[in-house]
Amino acid sequence: MENTRIIIADSRENSRKILQESLNRCGYQIQAEIRNAPELLRRARTLYPDLVIIDANIEGGGVFEMAGIIQEDEIADVLIIAGNDSRQLKDFAHIFKPYTPETLEAAVEICLLYKARFVQIRQQVARLQEDMRTRKLVDQAKGLLMQKSGLTEQEAYRRLQKESMNKGMSMKDVARAVIDSNK
């Protein structure tokens with residue numbers, strides 16, 4: 001929480017001050033206070049905060065487009081503070097005015113929790129993709145061993161495993177070596 005960096009974007013100085021005080025009491029670090037929409041995008045791209053809190057009525061408009069850019073470019077998560085309901089709010093984390101400090105803190109914590117889960121899922125997907133690439137290489141190497149040496153699939157796999165253990169190499173590297181030697 002104490003390392004969480006937040007940008008506050010609101011045209012009204014009093015609103016920014018209230019937000020900052022509430023977030024500081026919760027232990028969050030305010031990286032920047034922004035007064036208008038164009039400045040927000042520039043600063044977000046420079047600072048890469050964990051969360052951007054935007055008032056829906058910020059000067060310069062285009063709040064939903066800007067929030068979309070910030071999220072799509074994976075700059076930060078976005079929490080919009082809105083005065084009324086809008087169809088466009090459904091795409092973003094949001095709270096309505098008036099809000100309590102407890103509501104703000106809960107919304108920030110939920111945003112950060114979902115961000116952490118998203119990062120974990122993205123890492124898991126990357127690992128699974130790497131596992132699939134390894135599996136494809138191993139299958140290709142097995143096929144070559146079966147074709148060249150007349151081995152069964154199980155025997156070819158065991159040969160790759162044995163080679164991996166004997167040479168202290170990963171199955172992926174052994175499979176790649178088999179494929180490269182048969183080119």
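Criterion first (outside the structural domain of residue 45 (by TED's automatic domain parsing), exposed (fewer than 11 other Cβ atoms within 10 Å of the Cβ) and in a helix (DSSP H, G or I)) does residue 117 satisfy it?
yes
Quick one: would you say residue 179 is of a type in the set (A, V, I, L, M, F, W, C), touching a residue at least 40 places away in the same chain (Cβ under 8 Å) and either farther than 30 Å from residue 10 by Cβ or in contact with an Asp or Glu (Cβ under 8 Å, 6 or more places away or on another chain) (or both)?
yes
For the structure I just gave you, tell me whether residue 160 is outside the structural domain of residue 51 (by TED's automatic domain parsing), surrounded by 11 or more Cβ atoms within 10 Å (Cβ to Cβ) and either part of a helix (DSSP H, G or I) or in contact (Cβ under 8 Å) with a residue 60 or more places away in the chain (or both).
Judged against the criteria, residue 160 is a match.
Pull out all pairs, ordered by first then second residue, where Cβ-Cβ is under 6 Å, the residues are six or more apart or on different chains, the first lies in the range 109-137 and is under 21 Å from residue 7 (Cα atoms), and the second is among the small types (Gly, Ala, Ser).
That search, which allows pairs on different chains as well, returns 111/93.
Mind counting the residues in the range 163-183 that are assigned to a helix (DSSP H, G or I) and surrounded by 14 or more Cβ atoms within 10 Å (Cβ to Cβ)?
Here the count works out to 11.
For the range 1-11, name all the residues that are assigned to a loop (DSSP other than H, G, I, E, B) and within 18 Å of residue 100 (Cα to Cα).
10
Could you check the range 140-157 and list, in sequence order, the residues that are of a type in the set (Gly, Ala, Ser) and without any contact (Cβ under 8 Å) to a residue 24 or more places away in the chain?
143, 149, 150, 156
For the range 49-60, does any single residue satisfy the condition of being at positive phi, loosely packed, with under 13 Cβ neighbours inside 10 Å and not β-branched (Val, Ile, Thr)?
No, because not a single residue in the range 49-60 is at positive phi, loosely packed, with under 13 Cβ neighbours inside 10 Å and not β-branched (Val, Ile, Thr).
Does residue 71 satisfy being surrounded by 15 or more Cβ atoms within 10 Å (Cβ to Cβ), in a helix (DSSP H, G or I) and under 14 Å from the mean Cα position of the chain (by Cα)?
Yes, satisfied.
Among (1) at pLDDT below 90; (2) small (Gly, Ala, Ser); (3) not in a loop (DSSP other than H, G, I, E, B), there is one condition residue 61 misses while meeting the rest; what is its number?
Only one criterion is unmet by residue 61, namely (3).
Looking for whichever is surrounded by 13 or more Cβ atoms within 10 Å (Cβ to Cβ), touching a His at 6+ places or on another chain (Cβ under 9 Å), within 25 Å of residue 25 (Cβ to Cβ) and in the same structural domain as residue 54 (by TED's automatic domain parsing) here; the options are 82, 107, 76, 93. Which one fits?
Just a single option satisfies the conditions, and that option is 82.
Among the candidates 88, 123, 154, single out the residue that is more than 32 Å from the chain's Cα centre (by Cα) and in a helix (DSSP H, G or I).
None of the others qualify; the one that does is 154.
The values are calculated or read from the model by the stated rules, or taken from the named source; none is laboratory data. None of the values given here were measured: they were computed from a predicted structure. Don't worry about glycine lacking a Cβ; one is built from the backbone with ideal geometry, like all the others, and counts go over all protein chains shown.
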